[in-house]
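Visitor: Pasting in a structure now, in structure tokens, and then I'll have a few things to ask.
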Protein chains: 2
Amino acid sequence: MTKTTSDITKRTSIGAQRNPASEEAILTAAGALLSEGGLAAFSIEAVARRAKAGKPTIYRWWPSKAALLLDVYHRQKGETFYADTGNTRVDLIAFLESLLGFWKKNGGEVFRSVIAEAQSDPAALEALRDYAVTRCRASGIILERGVTRGEIRADLDIPLVMELFSSFCWQRLLTGRLDASRAQLAHLVDAVLTGFASKESHAQ
Amino acid sequence: MTKTTSDITKRTSIGAQRNPASEEAILTAAGALLSEGGLAAFSIEAVARRAKAGKPTIYRWWPSKAALLLDVYHRQKGETFYADTGNTRVDLIAFLESLLGFWKKNGGEVFRSVIAEAQSDPAALEALRDYAVTRCRASGIILERGVTRGEIRADLDIPLVMELFSSFCWQRLLTGRLDASRAQLAHLVDAVLTGFASKESHAQ
């Protein structure tokens, strides 16, 4: 195990040391702006005004608008995606279902806009890459628990193979196909748990 | 098997019946524009001028700029991604390596710009969705050959599980992490072929 719980719950590269009270005020202001006015209302300037914070303070802690947006987005998302039912299959299906469901309900617009922005803005790309890598590590907890219980192979590169599941969700978001059925998600998880190879070829 | 070879090699919803000679002239003009001037030079107007075609003709066959761009992109890409070595593992690794390699070399900029555009333009989203679904079906040929050889389980929903691989590549493109090592790609393919579940839990 090369990472600690704090790596899993906190993003790693958040710039300079933050003051918790100001950080809270900025994130709260940013969240309120976003939920009231949507993406169109969201700018570092507007957040600074509402939080009564200086723009340099915000830029010191969040190097780009995308970085701040991702932190706000992540707060809205919460940490409810890693249910621990004691069964990896059930946890993985729940993870996929929660993520697609969250995006369908409200978070999808923000996240897809950040992805779009990252394709022409290097600072947004850096924020997105940081976020994606950190999230794949965090969601790996589902498989790590499975390893502990002896359900999941201990030799897996867990962050790498978890990318398959998060990427699947990204592609669904980006192509407007969030309504995967539970049967499809279960099929996907079962295929990956059991393996694509036929029993005959396993036996060889 | 619910699809024919022609479904696999041709996109399915291409609007009205095309005239092959005009289609060829338009695609050639569009490809030349793109390689000479990049995305900035690419518009339906410029393509029409260069191909000596009417804009309405182009719009009849490609409902959006994104749809035409995807056709040009797909031409550049060619069909060299589905090498048939007689071994599914090798073919899957080659598929991932070719796609990431193609994007790294030149195709990535076009494809990520279409994905970005699709997040705010419904016509681009439709073109992208159509393309993604068609491509997942096409790349399924790698697994279908494996089923025929008895290497791959016949009960898999092949287009669905192939989404895992294409999605992985998309996420790498969109987060600027195209340089996955061959060892990582092999690990991913092996994990999926063998299954994430431990042998003990398979035996239960």
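Visitor: Tell me which residues, restricted to region A:86-108, are within 14 Å of the chain's Cα centre (by Cα) and either buried (at least 21 other Cβ atoms within 10 Å of the Cβ) or not polar (S, T, N, Q) (or both). Break it down stepwise before answering.
Guide: Here is the first cut: in region A:86-108, the ones within 14 Å of the chain's Cα centre (by Cα) are A:95-103, A:107-108.
Across region A:86-108, the qualifying residues are A:95, A:96, A:97, A:99, A:100, A:101, A:102, A:103, A:107, A:108.
Visitor: Read through the list (1) at the interface with another protein chain (Cβ under 10 Å from one of its Cβ atoms); (2) modelled with pLDDT of 95 or more, then give the number of the only condition that residue B:87 fails.
Guide: Looking at each condition in turn, residue B:87 falls short on (1).
Listed here are the residues, each with its yes/no results for (1) over 30 Å from residue A:43 (Cα atoms); (2) surrounded by fewer than 22 Cβ atoms within 10 Å (Cβ to Cβ); (3) more than 8 Å from chain B (Cβ to nearest Cβ).
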| position | (1), (2), (3) |
| --- | --- |
| A:111 | no, no, yes |
| A:115 | no, no, no |
| A:136 | no, yes, yes |
| A:140 | yes, no, yes |
| A:155 | yes, yes, yes |
| A:159 | yes, yes, yes |
| A:179 | yes, yes, yes |
| A:193 | yes, yes, no |
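Visitor: Oh, and also: What's the number of the condition residue A:163 fails, among (1) facing chain B (nearest Cβ under 7 Å); (2) open to solvent by less than 50 Å² (accessible area, probe 1.4 Å); (3) out of contact with any Cys (no Cβ under 6 Å at 6 or more places or on another chain); (4) modelled with pLDDT of 95 or more?
Guide: If we test residue A:163 against (1) facing chain B (nearest Cβ under 7 Å); (2) open to solvent by less than 50 Å² (accessible area, probe 1.4 Å); (3) out of contact with any Cys (no Cβ under 6 Å at 6 or more places or on another chain); (4) modelled with pLDDT of 95 or more, just (3) comes out false.
Visitor: If you don't mind, another one. For region B:41-55, name all the residues that are under 16 Å from residue B:114 (Cβ atoms), open to solvent by 30 Å² or more (accessible area, probe 1.4 Å) and in a helix (DSSP H, G or I). Reasoning before the result, please.
Guide: Of all residues in region B:41-55, those under 16 Å from residue B:114 (Cβ atoms) come to B:41-44, B:47.
Then drop every residue that is not open to solvent by 30 Å² or more (accessible area, probe 1.4 Å), which leaves B:41, B:43.
Matches in region B:41-55: B:41 only.
Visitor: Please verify whether residue B:127 is of a type in the set (Gly, Ala, Ser), more than 8 Å from every other protein chain (Cβ to nearest Cβ) and either at negative phi or open to solvent by 30 Å² or more (accessible area, probe 1.4 Å) (or both), treating the condition exactly as stated. Reasoning before the result, please.
Guide: On the way: of a type in the set (Gly, Ala, Ser): yes; more than 8 Å from every other protein chain (Cβ to nearest Cβ): yes; either at negative phi or open to solvent by 30 Å² or more (accessible area, probe 1.4 Å) (or both): yes.
Yes; evaluated as a whole, the condition is true for this residue.
Visitor: So, one more: Has region A:173-196 got at least one residue that is outside the structural domain of residue A:37 (by TED's automatic domain parsing), more than 27 Å from residue B:157 (Cα to Cα) and over 18 Å from the mean Cα position of the chain (by Cα)?
Guide: Taking every residue of region A:173-196 in turn, none turns out to be outside the structural domain of residue A:37 (by TED's automatic domain parsing), more than 27 Å from residue B:157 (Cα to Cα) and over 18 Å from the mean Cα position of the chain (by Cα).
Visitor: I'm checking my understanding of the structure. Among residues of region A:142-153 that are closer than 19 Å to residue A:190 by Cβ and charged (D, E, K, R), which one is most open to solvent (accessible area, probe 1.4 Å)? Reasoning before the result, please.
Guide: The first filter runs over region A:142-153 and keeps only residues closer than 19 Å to residue A:190 by Cβ, leaving A:142-143, A:145-147, A:149-153.
Those still in the list that are charged (D, E, K, R) too: A:145, A:149, A:151, A:153.
Numbers: A:145: 44, A:149: 94, A:151: 45, A:153: 46 Å².
It comes out as A:149.
Visitor: Tally up the residues in region B:112-137 that are in a helix (DSSP H, G or I) and within 11 Å of residue B:66 (Cβ to Cβ), please. Working first, answer last.
Guide: To start, the set of residues in region B:112-137 that are in a helix (DSSP H, G or I) comprises B:112-118, B:122-137.
Checking the rest, the ones that are also within 11 Å of residue B:66 (Cβ to Cβ) come to B:113-118, B:122-131.
The qualifying residues number 16.
Visitor: Can you tell me how many residues within region A:56-74 are open to solvent by less than 80 Å² (accessible area, probe 1.4 Å) and either modelled with pLDDT under 90 or assigned to a helix (DSSP H, G or I) (or both)? Spell out how you get there, then give the answer.
Guide: Narrowing region A:56-74 to residues open to solvent by less than 80 Å² (accessible area, probe 1.4 Å): A:57-58, A:61-62, A:64-74.
If we keep only those that are either modelled with pLDDT under 90 or assigned to a helix (DSSP H, G or I) (or both) too, we end up with A:57-58, A:61, A:65-74.
Matching residues across region A:56-74 total 13.
Visitor: Given region A:147-204, what helices (runs of 4 or more DSSP H) lie entirely inside it while holding 1 or more residues that are in contact with a strand residue (DSSP E or B) (Cβ under 6 Å, 6 or more places away or on another chain) and farther than 27 Å from residue A:114 by Cβ?
Guide: On the way: elements: A:158-174, A:182-194, A:199-203.
In region A:147-204, the matching helices (runs of 4 or more DSSP H) lie at A:182-194.
The values are calculated or read from the model by the stated rules, or taken from the named source; none is laboratory data. Since we're looking at a predicted model, the values are computed, not measured. Note: ideal-geometry Cβ built from the backbone for every residue, glycine included; neighbour counts use all protein chains shown. For the accessible areas, the whole protein counts, side chains as well, though only heavy atoms, and no ligand, DNA or RNA atoms are used. Shrake-Rupley method; radii C 1.70, N 1.55, O 1.52, S 1.80 Å.
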